[in-house]
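Visitor: Below is the structure I would like to discuss, written out as structure tokens.
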Amino acid sequence: MSVARTAVGAEAAALGPLQSFLADFWSSEGLSEAERFPFELALEEVFMNIVMHGSQGLTGVRAVVALEHVDQAFTLTVSDTGNPFDPLAAPPPDAGSKTSVIGRARAPAASPGGQSCRPVSGGTRWARGRARRV
């Protein structure tokens, strides 16, 4: 079992150090470039959401990133002290819109704005802890 953890301020400039943190962990665990990509993409998306939305109107917001490797499974956990947000209480996205992620995923790859999409995770979990989102 391997575990690594780091904490950074919720500012865009911290993305580079977070990416280095991931790269160091992946190298020590022998993860290939192809296996690393889903984690790097997920971290960038989640962290930038914290920067752009979770820290609005607040100072001192922190993001904690933890990596764990047990047996053949890798877990990336991101938590923050930013503004509360409950995705389960948010209105459902307009999945039919050509600008929504789901709408773009459904568009043929050859069409303008179309993309091919694939799952990048075996699962996602959201929880609210004491003064943190995980």
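The values are calculated or read from the model by the stated rules, or taken from the named source; none is laboratory data. Worth saying up front: this structure is predicted, and the values here are computed from it rather than measured. Every residue, glycine as well, gets a Cβ built from its backbone with ideal geometry; the counts of neighbours run over all protein chains shown. Ligands, DNA and RNA are excluded from the accessible area calculation, which covers all protein heavy atoms including side chains. Shrake-Rupley method; radii C 1.70, N 1.55, O 1.52, S 1.80 Å.
Visitor: Any residue that is more than 20 Å from the chain's Cα centre (by Cα) and at pLDDT below 95 - is there at least one of those in segment 76-94?
Guide: Yes, segment 76-94 contains a residue that is more than 20 Å from the chain's Cα centre (by Cα) and at pLDDT below 95.
Visitor: Here is a further query. Applying the selection to segment 1-21, what residues are assigned to a helix (DSSP H, G or I), within 14 Å of VAL64 (Cβ to Cβ) and aliphatic (A, V, I, L, M)?
Guide: Correct list: ALA14, LEU18.
Visitor: Can you name every residue in segment 50-73 that is part of a helix (DSSP H, G or I) and open to solvent by 80 Å² or more (accessible area, probe 1.4 Å)?
Guide: MET52, HIS53
Visitor: Report yes if ALA90 is open to solvent by less than 50 Å² (accessible area, probe 1.4 Å), among the hydrophobic types (A, V, I, L, M, F, W, C) and in contact with a Gly (Cβ under 9 Å, 6 or more places away or on another chain), otherwise no.
Guide: Working: open to solvent by less than 50 Å² (accessible area, probe 1.4 Å): yes; among the hydrophobic types (A, V, I, L, M, F, W, C): yes; in contact with a Gly (Cβ under 9 Å, 6 or more places away or on another chain): no.
So ALA90 does not fit the description; no.
Visitor: Answer yes if at least one residue in segment 22-41 is touching a Gly at 6+ places or on another chain (Cβ under 8 Å), in a helix (DSSP H, G or I) and closer than 26 Å to GLY82 by Cα, and no otherwise.
Guide: Pass one, segment 22-41, residues touching a Gly at 6+ places or on another chain (Cβ under 8 Å): none.
Within segment 22-41, not a single residue is touching a Gly at 6+ places or on another chain (Cβ under 8 Å), in a helix (DSSP H, G or I) and closer than 26 Å to GLY82 by Cα.
Visitor: In addition: Do any residues in segment 1-27 that are over 27 Å from GLY57 (Cβ atoms) have Cβ atoms under 9 Å from those of residues that are assigned to a loop (DSSP other than H, G, I, E, B) and open to solvent by 30 Å² or more (accessible area, probe 1.4 Å), where the two are at least six apart or on different chains, and which pairs are they?
Guide: Close Cβ pairs (under 9 Å, with a partner that is assigned to a loop (DSSP other than H, G, I, E, B) and open to solvent by 30 Å² or more (accessible area, probe 1.4 Å)) amount to MET1/ASP71; TRP26/SER32.
Visitor: Return the total of residues in segment 22-45 being buried (at least 18 other Cβ atoms within 10 Å of the Cβ) and under 15 Å from the mean Cα position of the chain (by Cα).
Guide: 3
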